[in-house]
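Let me begin by presenting the structure, written as structure tokens, before commenting on it.
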Amino acid sequence: MSSRERKLIIIFGIVLIVFLIVVVVWDISKTKENFGPTIIIPDYSAFIPGGETNTSDTLPRNWEETDYRKPVPVGVKVPTENEAVPDNLKEIIAVPKEVIQAAPGIESQIRIFDIRGETGKFIPEKVIVNFGDTVRINFTAIDGDYDVIFTGYNMRQSAKTGETKILEFQANQDGRFSYYCEACGGFSKGTPGEIIVVK
């Protein structure tokens, strides 16, 4: 066997080994994808409506949009009691700590939330409820004095450091309503929260 034939056999052998390695790695990666049960990760984007929405992408309404009241996008999800949300949404989406049937035979519910004022903002900042629900918010001022101004429902509550105050109302107007802390800079300068009433 000549030296040229040996070189060709060696080159062919190297190419064959590289090809086999590629096939094995590809097969292992495919096996890992299909290994174990399929885990479906829920789409939590439905909890967070976008800033500006097209009229065609919002629920029907019979009122004019203002700075404090905006339309609700189609498909916004109302969280259930103790619903698990990803860590990156825990300071954004308020999950009710308790949901109580308002009365036998009635769809409306009483939804109870804990919201805190901390570092000049509301945590969690978005409260999502169904139209007709009674909303009870236990608001605690953690690191300073806070006031909650909820223009859409003509409500105001103040809490000194360490105090917990209750805001309660029936969600009888649909829309995305901004609420804010005047002491933290007001609507334009502070970090407003949002109460979303889905009809």
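Bear in mind these aren't lab numbers, they're just calculated from the coordinates by the rules spelled out. Just so it is clear, the model here is predicted, and its values are computed rather than measured. For neighbour counting, all protein chains shown are included, and Cβ atoms are generated from backbone atoms with ideal geometry for every residue, glycine included.
One table, with the values for the structure above:
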| quantity | calculated |
| --- | --- |
| All Cα pairs of segment 106-199, percent lying beyond 23 Å | 18 |
| 5 angstrom amide H check on Phe131, placed H, neighbours 5+ away | Val198, Lys199 |
| Total lysine pairs under 25 Å (Cα atoms) in segment 44-198, excluding pairs fewer than 8 apart on one chain | 25 |
| Charge sum, other residues only, whose C-beta stays under 12 Å from Phe122's C-beta, Lys/Arg counted +1 and Asp/Glu -1 | -3 |
| Sorted peptide list for 95-106, 133-144, 170-181, criterion being average Cβ within 10 angstrom, highest first | 170-181, 133-144, 95-106 |
| Relative exposure of Met1, Met155, judged by other C-beta atoms within 10 Å (fewest first) | Met1, Met155 |
| Full-extension gain in nm, Val18 to Glu107, via 0.36 nm per residue minus C-alpha separation | 25.5 nm |
| Under 5 Å, built H, 5+ apart or other chain: amide partners of Arg61 | none |
